[in-house]
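A quick write-up on the structure given underneath.
The values are calculated or read from the model by the stated rules, or taken from the named source; none is laboratory data. Quick caveat, the model's predicted, so the values are computed rather than measured. Reconstructed Cβ throughout: ideal geometry from the backbone, glycine too, with neighbour counts over all protein chains shown. Just the protein is used for accessible areas: all its heavy atoms, side chains included, with ligands, DNA and RNA removed. Shrake-Rupley method; radii C 1.70, N 1.55, O 1.52, S 1.80 Å.
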Amino acid sequence: IIPISSESHISYMEGDVTILRGTEELQGDFGLTIKKDDVIQTGKTSLAILELEDRGTLKLREDTQLILDDLGDKMTVSLKSGGLFSRIKKIFGLEYEVRTVSTVAGVRGTEFFMAYGRKIEETEDLWLCVNEGAVQVSILKSMESILVNEGEGITIPAGTRLTKPKYYSWTENLNWNTDPGKGELFDNTDLNAAYEDLRDFDYD
């Protein structure tokens, strides 16, 4: 029986999942409470599903590092590397942001995917696509921003320039499922296909 918690917690995991909490390193486990400032890490061929109370669900791909910066009315997480699926409920007064070193993506209820950390230039690139709703994406240095709507994706090469939102074929293979009762959870999408899109469209 998987423990049920009204607090934010790990609802499901596969493989190697660790939580860095201050100077302490914890092994992930079903039902384990997660807290502000925790660093969640997944290993190779691993995944973790986090329930943020009753407000949203996050799925971490393999080789992902995520920091839970704030779990209050303005939930904020920092994606340091890897891939993150976010499914956030539309609740009045609730905001949600995913930050990287160079960008911020903000919503008030939607479902979207972000991948961060690979490079063509010296600085990490970011990919984002929206499954439901819309996401406002901004570059922190310039505060240039753009709205990405349902069915669209965007790339931010080197974290410095926004491309025009459009359909990307590689996003068709993303596994959005976060419910173990509904089948396979692991996302096997080959992000090298995203690099082909970058080379074809954004580095001309």
(message) If each DSSP helix of 4+ residues adds -39,500 (n - 2.57) and the sum is divided by the residues in the chain, what number results at 222 nm, nearest 500 deg cm²/dmol?
(response) -500 deg cm²/dmol
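How much accessible area per residue does the chain have, counting only protein heavy atoms and a probe of 1.4 Å, in square angstrom?
On a per-residue basis, the chain sits at 48 Å².
Under 10 Å from the Cβ of Leu71, count the other residues' Cβ atoms, weight Lys and Arg +1, Asp and Glu -1, and hand me the total.
Details: positive: Lys35, Lys36, Arg55, Lys74; negative: Glu7, Asp37, Asp38, Glu53, Asp69, Asp70, Asp73.
Around Leu71, the charge tally is -3.
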(message) Using 18 Å as the Cα-Cα cut-off, could you pick out the over-long pairs in Lys44/Lys80; Lys59/Lys164; Lys35/Lys59; Lys59/Lys89; Lys80/Lys182; Lys35/Lys74?
(response) Lys59/Lys164; Lys80/Lys182
(request) On a C-alpha basis, how far is the centre of the stretch 6-32 from the centre of the stretch 127-175 in Å? Whole number, if you could? (result) 29
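If packing is taken as the mean number of other Cβ atoms within 10 Å per residue, what is the order of 81-94, 38-51, 167-180, highest first?
Details: 81-94: 17.4, 38-51: 20.1, 167-180: 14.9.
Ranking, from highest mean packing down: 38-51, 81-94, 167-180.
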(message) Rounded to the nearest 10 Å², what accessible area does Val101 have for a 1.4 Å probe in the complete protein model?
(response) 110
(message) Can you give me the % of accessible surface on the stretch 1-78 that is carbon or sulfur? Probe 1.4 Å, all protein chains present, nothing else counted.
(response) 48
